[in-house]
Amino acid sequence: MSDTRNISVVVNGKSYQRTVDTRRTLGDFLRLDLGLTGTHFGCEHGVCGACTVRVDGTAVRSCLMLAVQANGKSVQTVEGMAEGDILTPLQTAFRDRHALQCGFCTPGILMTMAEFLEENPAPSEADVRDALSGNLCRCTGYQNIVDAVLQTADTLRKTRDAA
Amino acid sequence: MMSEKSFGTSPKRKEDFDLLTGRGRFVDDIVLPGMYAAAFVRSPLAHARIKSIDASAALAMPGVHAVISHHDLPATLRERRLPLFVPHPTLTSRMQHALAKEEVCYVGEPVAVVVADNRYLAEDALHLVEIDYEPLAAVSDCKAGARPDAPRAHADLESNVVSRMLSSVGDIDAAFRETPHVFKEEIFQHRGGAFFMECRGVIASYDAVEGALLVYVSSQGPHRIKRALLDLFDLSDTQIRVVTPDVGGGFGPKGSFYAEYAAIAACAMMLGHPVKWIEDRRENFVATHQERDQYWDVEIAVDAEARIRGLRGVLTHDNGAYTPWGIVLPWISVATVPGPYIVPAYHIELRSVLTNKVMATPVRGAGRPEGVVVMERLMDRIAREFKLDPAEVRRRNFIQPSQMPYNVGVIFRDGKQVVYDSGDYPACQDAALQTIDYDAFRARQAEARLKGRYIGIGIGNAVEGTGLGPYEGAAVKVATNGRITVSTGATPQGQSHKTTLAQIAADQFGVSIDAIRVETGDTSKISQGIGTFAARTAVNAGSSVHLASVKVAAKAKAIAAKLLDVREEDLELRDGYVQLAALPGGPGAASDNARQVRKSLAELAVVAAGMPGFAMQDGAEPGLESTAYFTAPQSTYANGTAVVEVEVDIETGRVTILRLVLAHDCGMLINPMVVEGQVMGGVAHAIGNALFERMLYDDQAQPLSTNFGEYLLPLATDVPRIEIVHQETASPLNPLGIKGAGESGTIPTIAPIIAAVEDALSPFGVRILEAPITPQRIVELLGDAALGRTR
Ligand code: FES
Ligand code: FES
């Protein structure tokens with residue numbers, strides 16, 4: 001029914017060679033073939049952002065991208081953020097600020113906001129809300145997520161200043 | 001080292017580390033050996049007869065293992081319909097089959113299930129299943145459906161009105177006879193669905209050797225799902241285990257038992273392989289329960305001082321095609337209307353109407369926000385008629401704290417009269433008004449209008465029955481290695497139970513919450529359970545954890561007192577030990593001396609477990625453990641006031657929420673951070689309900705909004721910073737003084753948003769008697785008003 005291709009992808013720093021159906025989404029590849037189930041599907045039509053991962057640094061919706069399109073690229077998922085038990089400042093801020101309840105939307109939001117903060121080290125609240133408006137969260141009402149992102153910007157600024 | 005009391009503090013959540021690092025475990029993350037994937041063939045028509053089903057082409061596809069329709073199901077599923085847990089004498093119930101038999105009654109109703117190696121193949125095959133339907137006339141609008149000449153939602157129904165229930169208090173005729181001030185309103189309300197981010201999902205696995213059915217399901221309570229499966233499959237209690245792992249949001253509809261669960265369990269039993277079904281978002285729009293339409297035709301009688309004398313009317317409720325929750329949802333709406341106000345006479349006829357749409361069952365707030373909108377719209381009407389400040393009208397009608405406990409007289413769905421246990425409603429409103437600087441608002445508004453800006457303010461007050469019975473249990477156990485486990489049937493979907501229940505237990509054991517493991521959502525861990533909905537878990541499960549922990553701690557002390565030869569009352573639990581309590585001014589518990597006079601929980605648990613061949617001491621019950629099922633005598637009532645300031649762009653109809661204050665009283669706060677999180681999420685839900693969320697259907701009940709482009713959820717740019725004011729009135733009805741909080745943000749908040757939009761548009765004479773109020777609709781109403789067509 002469906003033809004296959006060999007792909008080679010680096011995911012969270014580890015390289016994988018796999019044969020995949022051409023129609024397999026990147027999200028399914030990560031979840032089903034690599035067992036990286038931290039990436040979630042909330043809509044499978046590109047609206048909710050829960051499936052967001054980073055491909056060569058850019059946040060993309062893994063429900064809309066095919067696995068074969070990631071051939072030769074480097075992918076980061078939520079599993080690749082923390083180093084062992086050490087959370088990144090963004091993850092820590094989410095915990096401090098109660099920016100997650102059910103946590104289902106969280107991986108995609110972390111991925112989206114990590115990219116955003118790299119590009120906007122000193123965002124205003126309005127900037128954060130704008131950047132966040134492509135991700136749906138039904139639990140939190142967003143406020144604590146916004147605060148967590150602002151706190152992270154603050155923390156990162158202080159670390160930079162100290163360095 | 002733990003010394004502070006944990007109750008009332010906001011420790012970091014136990015749940016977060018896993019969820020932040022991708023280690024959460026949701027149903028779709030579970031993979032069982034040999035597992036197949038399923039996809040459902042669903043009715044494309046709202047009402048039709050099934051003439052034939054031809055699955056041969058689908059079955060011929062490689063990788064497809066089965067296509068199962070009604071006639072292939074095990075006998076019990078062919079004979080029985082899904083069980084109704086909440087019958088009512090006025091209800092003619094209609095329950096669904098696991099797979100439709102001869103007639104389909106809503107778009108999305110499961111007709112057949114395809115099982116294949118994986119989901120891709122199952123969906124390919126889905127399209128090859130050929131079903132011949134004979135279309136039947138469909139009921140789309142519930143008010144039209146209530147007419148005697150309407151087509152029937154099921155071919156054999158005598159009437160689409162499946163329940164008429166009267167709620168009546170006081171002498172309503174006298175109330176309306178004795179005053180000339182009577183105001184009538186027709187209010188239309190629509191609430192959409194839950195739209196949790198994780199769609200539904202289930203895995204069933206059948207062990208033929210043991211005859212054991214294991215079900216993983218994303219639910220709000222595995223025990224009720226097990227109960228339904230017991231009804232449907234004739235297995236014995238120990239043969240079914242239902243487990244709910246991490247859940248990506250529930251908000252009501254994951255508390256239902258669905259046809260798909262029964263069908264998937266049947267597939268697993270028939271095929272001898274585990275079978276997984278994960279709902280996709282399109283299915284979620286058509287097949288997951290939602291709330292929907294209510295028409296309220298009401299009138300209110302007030303005296304010359306604007307005090308309510310009576311309120312009467314009819315509620316016409318769109319129930320959808322079957323009655324899985326009986327009349328629970330509209331009943332709660334009816335019981336909520338009086339709210340914090342004195343309503344001496346009350347008379348509402350509830351008409352629940354079957355339509356050819358997916359079932360309407362409780363969504364966060366469960367019919368309460370609608371009841372609040374009705375009352376608050378009437379309050380604003382009275383204010384307008386009497387030229388009084390809306391806050392003042394409410395003040396004149398509030399139940400006073402001195403009147404507590406206050407019997408409203410209405411019968412709630414637990415069969416008991418609504419009796420408010422505690423709360424200070426005038427103070428709550430005052431607190432909210434002060435925070436938003438209400439008194440200065442009219443000046444702000446006048447100033448804005450000079451600049452061509454239209455701002456408005458609205459008030460919403462609500463009283464919410466929380467902590468609904470019957471119970472939720474907790475088993476607290478200290479293992480022989482000293483580890484403490486709390487198990488409960490309550491099932492979180494983001495409410496942080498693992499943290500808050502650990503906090504309650506931690507206080508009795510004198511340990512940090514990290515030392516306590518909380519197990520939720522597994523029927524094998526505790527025998528009875530109801531589940532998490534209706535803001536009931538903190539009250540019921542929380543109280544049970546407290547009671548069980550107190551018992552276990554007392555037992556530990558009793559054993560330790562004997563072993564150490566000291567008095568029980570001189571002992572305390574701390575950091576995993578039972579030890580001599582610190583004496584004021586004397587040697588502390590940490591001193592060397594005291595340290596020798598102590599026993600670890602592990603040692604005590606070993607003693608409590610007994611030794612083979614030795615009699616238990618003094619006939620004590622074995623084990624350092626206790627199970628408690630706290631039963632509340634009645635619901636405990638939380639209350640809240642939302643005050644909202646909006647700006648309306650009269651060109652585009654866009655509404656911007658400038659400020660939103662929510663003052664609320666949910667009793668004693670176990671964890672303020674968690675409660676605030678619940679409130680903020682609930683408020684966002686109300687914003688969606690007030691301004692965006694609408695399930696659209698055409699006149700043949702064909703759904704028109706089936707993705708997040710057509711159905712809008714509130715975004716980070718739509719939800720303002722929410723200002724929360726806590727009041728804490730301890731509930732007298734449970735040992736911890738807590739009330740429910742999970743819906744307190746949603747319930748009072750739709751009404752004031754609508755009111756604020758109307759207030760902003762008051763120069764145009766626009767009246768709003770509907771929710772949601774979308775930009776298109778606002779522009780339409782402005783146009784009508786310009787043409788002199790106001791209501
Ligand atoms: S699942 Fe990809 S955007 Fe929603
Ligand atoms: S935390 Fe549940 S959807 Fe965002």
Fill in the blank from the handout: Counting only backbone N atoms under 13 Å from a point 7 Å out along Cα-to-Cβ of B:D649, the residues of segment B:748-791 in range are B:775-776, B:779
Completion exercise
Long-range amide H partners of B:R721, meaning residues 5 or more apart or on another chain whose placed amide H is closer than 5 Å, are none
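List the accessible area buried at the contact between A and B, summed over both sides and calculated with a 1.4 Å probe, in Å² to the nearest 100.
Numbers: alone 8620 and 29880 Å², together 34160 Å².
Using a 1.4 Å probe on protein heavy atoms, the buried area is about 4300 Å².
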Problem - Which of B:A146, B:A391, B:P362, positive extreme of dipole for chain B (C-beta unit charges) - result: B:A391
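With all protein chains present, how much of the accessible area of chain B (probe radius 1.4 Å) comes from carbon and sulfur, to the nearest whole percent?
Values: 14150 of 27720 Å².
Carbon and sulfur together cover 51 percent of it.
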Problem - Set of segment A:122-136 residues, backbone N closer than 16 Å to the point 7 Å along the Cα-Cβ line of A:R157 - result: A:122-129
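Which shape class, rounded, prolate or oblate, goes with segment B:1-158 when its Cα gyration tensor gives a ≥ b ≥ c as root eigenvalues, a/c under 1.5 marks rounded, and past that a/b bigger than b/c marks prolate?
Working: a/c = 2.69, a/b = 1.36, b/c = 1.98.
The shape class here is oblate.
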Practice task
For segment A:4-80, build the charge dipole from Cβ charges (+1 Lys, Arg; -1 Asp, Glu) around the Cα centre, then report which of A:G35, A:H45, A:A67 sits farthest towards its positive end.
Solution key: A:A67
Handout entry: Long-range HN-HN contacts of B:A48 with modeled amide H, under 5 Å
Key = B:V104, B:L136
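Can you tell me the order of A:119-125, B:314-320, B:768-774 when each peptide is scored by its average per-residue count of other Cβ atoms within 10 angstrom, highest first? Provide the component values of the computation, followed by the final result.
Details: A:119-125: 13.0, B:314-320: 26.0, B:768-774: 20.7.
Averaged packing, sorted descending, gives the order B:314-320, B:768-774, A:119-125.
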Handout entry: Protein-protein interface of segment A:97-119, residues with accessible area decrease of at least 50 Å², isolated chain reference, 1.4 Å probe
Key = A:H98, A:L100, A:Q101, A:C102, A:F104
Fill in the blank from the handout: segment A:1-148 accessible area per residue, 1.4 Å probe, protein heavy atoms, integer Å², reads 37 Å²
Handout entry: Threshold 50 Å² - residues in segment B:689-711 whose accessible area is reduced by that much or more when the chain is no longer isolated, probe 1.4 Å
Key = B:F708
Problem - Under the Debye formula (equal points on every Cα, no solvent term), log10 I(q)/I(0) of segment A:89-162 at q = 0.12, 0.15, 0.25 Å⁻¹ - result: -0.27, -0.42, -1.19
Exercise for the section: State the answer as a single residue: which of B:A116, B:H685, B:V353 lies farthest towards the positive end of the charge dipole of chain B, with beta carbon charges of +1 for Lys and Arg and -1 for Asp and Glu, about the Cα centre. Expected result: B:H685
Completion exercise
antiparallel share of DSSP beta bridges within chain B, to nearest 5, in %, is 75 percent
Completion exercise
In debye to the nearest 20, the charge dipole size for segment B:104-227, taken about the Cα centre with +1 at each Lys and Arg Cβ and -1 at each Asp and Glu Cβ, equals 540 debye
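In the protein assembly as shown, what % of DSSP beta bridges are antiparallel (nearest 5)? Please list the in-between numbers first.
Numbers: 122 of 155 bridges.
Within the protein assembly as shown, antiparallel bridges account for around 80 percent of the total.
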Exercise for the section: Could you work out, residue by residue across B:9-21, how many beta carbons of other chains sit within 10 Å of that residue's beta carbon, and then give the average as an integer? Expected result: 6
Practice task
Evaluate the charge dipole of the protein assembly as shown about its Cα centre and quote only its size in Debye, nearest 20, assuming +1 on the Cβ of each Lys and Arg and -1 on the Cβ of each Asp and Glu.
Solution key: 600 debye
Completion exercise
Partner shielding of A:126-134, as the mean number of partner chain Cβ atoms within 10 Å, equals 3
Handout entry: Extension reserve of the B:T238-B:D149 stretch, reckoned as 0.36 nm per residue once the Cα distance is removed
Key = 27.0 nm
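Expressed as a rounded percentage, what relative contact order does chain B have, with Cα pairs under 8 Å and six or more residues apart? Walk me through the numbers on the way to the answer.
Details: 1968 pairs, mean separation 123.7, N = 791.
Across chain B, relative contact order equals 16 percent.
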Exercise for the section: Give a residue-ordered list of calculated ³J(HN,Hα) values for segment A:9-21 (Karplus: 6.51 cos²θ - 1.76 cosθ + 1.60, θ = phi - 60°; whole Hz; x for Gly, Pro). Expected result: 9, 9, 10, 6, x, 10, 9, 10, 10, 9, 9, 10, 4
Fill in the blank from the handout: Computed, not fitted: 222 nm per-residue ellipticity of the protein assembly as shown from DSSP H runs ≥ 4 (each -39500 (n - 2.57)), nearest 500, equal to -8500 deg cm²/dmol
Exercise for the section: Can you bin segment B:110-201 into rounded, prolate or oblate? Criterion: square roots of the alpha carbon gyration tensor eigenvalues sorted a ≥ b ≥ c, rounded for a/c under 1.5, prolate for a/b above b/c, oblate for the rest. Expected result: prolate
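Which order do the peptides B:155-163, A:93-101 take when ranked by the mean count of other beta-carbon atoms within 10 Å per residue, highest first? Don't jump to the answer; show the numbers that get you there.
Details: B:155-163: 16.8, A:93-101: 24.8.
By packing density, highest mean first, the sequence is A:93-101, B:155-163.
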Problem - Whole-Hz ³J(HN,Hα) from phi, Karplus 6.51 cos²θ - 1.76 cosθ + 1.60, for segment B:482-492, glycine and proline x - result: x, 6, 9, 10, 10, 10, 8, x, 4, 9, x
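Checking the a/c ratio against 1.5 first, then a/b against b/c, what shape does the Cα gyration tensor give for the protein assembly as shown?
Numbers: a/c = 1.32, a/b = 1.09, b/c = 1.21.
Taking the square roots of the gyration eigenvalues as a ≥ b ≥ c, the protein assembly as shown is rounded.
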Practice task
Starting with the highest mean, order B:647-653, B:111-117 by the number of other Cβ atoms within 10 Å, averaged over the residues of each peptide.
Solution key: B:111-117, B:647-653
Practice task
Taking 7 Å along the Cα-to-C-beta vector as the label spot, tell me the B:T631-B:E723 distance in nanometres, rounded to one decimal.
Solution key: 4.6 nm
Exercise for the section: Give me the aspartates and glutamates in straight-line cross-link reach of B:K498: C-alpha distance below 16 Å, same-chain residues under 8 apart excluded. Expected result: B:E15, B:D16, B:D18, B:D246, B:E472, B:D507, B:D514, B:E519, B:D522
Exercise for the section: With θ set to phi - 60°, apply the Karplus curve 6.51 cos²θ - 1.76 cosθ + 1.60 along segment B:680-689 and write out the HN-Hα couplings as whole Hz, x wherever there is a Gly or Pro. Expected result: 5, x, x, 5, 4, 4, 5, 4, x, 5
Completion exercise
On the accessible surface of segment A:4-80, probed at 1.4 Å with all protein chains in place, carbon and sulfur together account for a percent value of 44 percent
Exercise for the section: Could you work out the Kirkwood radius for chain B, taking every pair of different alpha carbons, averaging 1/r and inverting it, reported in Å? Expected result: 28.0 Å
Fill in the blank from the handout: Quick calc, chain B, dipole around Cα centre from Cβ unit charges on Lys, Arg (+) and Asp, Glu (-), nearest 20 debye, gives 760 debye
Practice task
Extending each Cα 7 Å along its Cβ direction at B:D280 and B:T480, get the distance between those two points in nm, one decimal.
Solution key: 5.3 nm
Practice task
Just grab the label-to-label distance for B:K12 and B:E710, each label 7 Å out from Cα along the Cβ direction, in nm (one decimal).
Solution key: 4.4 nm
Problem - Coil-residue GluC sites (Glu not before Pro) of segment B:409-488, DSSP, other Cβ within 10 Å capped at 10 - result: none
Practice task
For segment A:4-80, list log₁₀ I(q)/I(0) at each q in 0.16, 0.26 Å⁻¹, using the Debye formula over Cα point scatterers of equal strength and ignoring solvent, two decimals each.
Solution key: -0.47, -1.32
Exercise for the section: With all protein chains present, calculate the accessible area of B:K276 using a 1.4 Å probe and round the result to the nearest 10 Å². Expected result: 20 Å²
Problem - Number of partner chain Cβ atoms within 10 Å, mean per residue of B:721-730 - result: 1
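The values are calculated or read from the model by the stated rules, or taken from the named source; none is laboratory data. Note that the structure is predicted; figures quoted are calculated from it, not measured. A quick note on method: Cβ atoms are made from the backbone with ideal geometry, for glycine too, and the neighbour counts reach across all protein chains shown. Side chains included, ligands, DNA and RNA excluded: accessible areas come from the protein's heavy atoms. Shrake-Rupley method; radii C 1.70, N 1.55, O 1.52, S 1.80 Å.
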